[in-house]
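So the structure is just underneath, and the comments pick up after that.
Values quoted throughout were computed directly from the atomic coordinates according to the rules given, and no laboratory measurement underlies them. Bear in mind that the values here come from a model prediction, so they are computed numbers and not experimental data. Here the Cβ positions follow ideal geometry from the backbone for every residue, glycine too, while neighbour counts run over all protein chains shown.
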Amino acid sequence: MKRNEIEKYCKFCEEAKTLSDPDTMLCSKYGVVSAGHACRRFRYDPLKREPKRAKKEVELEYVEV
């Protein structure tokens, strides 16, 4: 991902930790916030992103009978 394509949400920030509810984060700067919260203190943590699954390509073979 390019730097300008990163979604600046708390769920991807180094400053935020997940609480028991995945939609609620504990920010070291702002306290309890929603996972969609964004602020200027955002620092991207690549380990928090879940990559999209790769599409599995199916190969078919033609068999003459």
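Of the residues making up region 1-54, just one is without any contact (Cβ under 8 Å) to a residue 24 or more places away in the chain, hydroxyl-bearing (Ser, Thr, Tyr) and in contact with an Asp or Glu (Cβ under 8 Å, 6 or more places away or on another chain), namely Ser28.
Residues considered: Glu50, Glu57, Glu61. Of these, the only one that is acidic (Asp, Glu) and under 13 Å from the mean Cα position of the chain (by Cα) is Glu50.
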